[in-house]
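Derivation of every value follows stated rules applied to the coordinates shown; laboratory data play no part. In this text, all values refer to a predicted model and were calculated from it rather than measured experimentally. Virtual Cβ from ideal backbone geometry, glycine too; neighbours counted across all protein chains shown.
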């Protein structure tokens, strides 16, 4: 076993680099043996990369990133080839390719799905391609979402953050005093603020219950459960019965339901951006809305951590990340791509400039001066102190489907305990089937 410093010196000379030298030497020898035979350039070694098709600005940034990678690694005869797939097709495409043993070398994957890929044996650990100092530079949230069983399988270039936005002018007209920016309200303080806003003639808050996808509900409202000390699944990922439907979680959702019962938030809104359009005083949303809200409200925009049910402030986090497949033909070459797209300058700066997400590395923040001031500064503070990834379990798609269904039902007035009991039973059956339990 070599020491870390020695290992890194070895890693800085990837086998792909050595192969490039060997190929060059072989070409010279072949030229000498053949006399004046014309030299033919070798075809580049291709790193196959699959990723989700995002907004056009993201896709363009990825294509430009690949072109820059290829130019920088031309001497090593290495080139990245990117294939984009729409989000709704992505998992299916990966499943088909895995069955056909035709996966690419590098995969983009959403944070909560890392456990699925690891459980299926599709990813390889990646920590050996980074120094300890480099890994420490990544946000704790990003390292956590990519870690299973003590092994790091995925790293991302950007993160996400949830906050409660508010209109300073509306709150002032209702006599509501916002808390310190880094503290947030307790749940009782939040409900009291909503009551005062309602009495002043304002619609208090948007919770975006018009979202059709399951993932919004789990991402947005898991912090309500977590802040009260609850969990969605056991730490070992094997038990949902008695965990998701614990009486304490049901009690938490009864308090959450008050927002709808007291008409503080719409159960079925029509406008997807009521806060930006001046219809609500607050917005339970994420980093992706900050620029639009700033454009609409300017200095009137404020942001605070999400309200908490218990003593702990918890923030949802996580986003798309990168992993190396077990079948990668040249893991070291593929790792060069992974290092490139998570590098602060080569990867994080262009993709975050394109999608407005939260940088995943501390060393990348100086490239985005806006993060020195509110409201952007809050995203970094939450990422570093309060962020928590969604449950890392192979049954996450089943968990999020049934937890989201329970939340929708509770918002419409269903009993929280009965709703969580149904959800827990469904997810537990899936876990037991996978484990082969009778």
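Some points to look at:
- Helix 15-33 axis versus longest C-alpha principal axis of the chain: approximately 20°, rounded to the nearest ten.
- Degrees between helix 396-411 axis and first principal axis of the chain (Cα, 0 to 90, nearest 10): 20
- Among 88, 221, 117: highest mean-square fluctuation, GNM of the chain, C-alpha pairs under 10 Å: 88
- Segment 44-109 and segment 194-225: distance between their alpha carbon centers, rounded to Å: 36
- Fewest neighbouring Cβ atoms within 10 Å first, the residues 93, 297 line up as 93, 297.
- Coordinate range along principal axes, alpha carbons of segment 194-298, Å, largest first: 46, 30, 22
- Segment 246-263 and segment 118-133: distance between their alpha carbon centers, rounded to Å: 40
- Kirkwood Rh and Cα Rg combined as Rg/Rh, the chain: 1.03
- Acute angle (nearest 10 degrees) that the helix 187-199 long axis makes with the longest principal axis of the chain, alpha-carbon atoms: 60
- Segment 242-400: C-alpha pair distances exceeding 19 Å, %: 69
- Think of it as helices only: each DSSP H run of n ≥ 4 in the chain is worth -39500 (n - 2.57), and spread over all residues that comes to -13500 deg cm²/dmol at 222 nm.
- Surface/4 of the Cα convex hull for segment 342-431, nm²: 8.4
- Put simply, when 317-326, 233-242, 250-259 are sorted by average Cβ atoms within 10 angstrom per residue, most first, you get 317-326, 250-259, 233-242.
- Counting every C-alpha pair in segment 59-160, the share spaced more than 25 angstrom apart comes to 28%.
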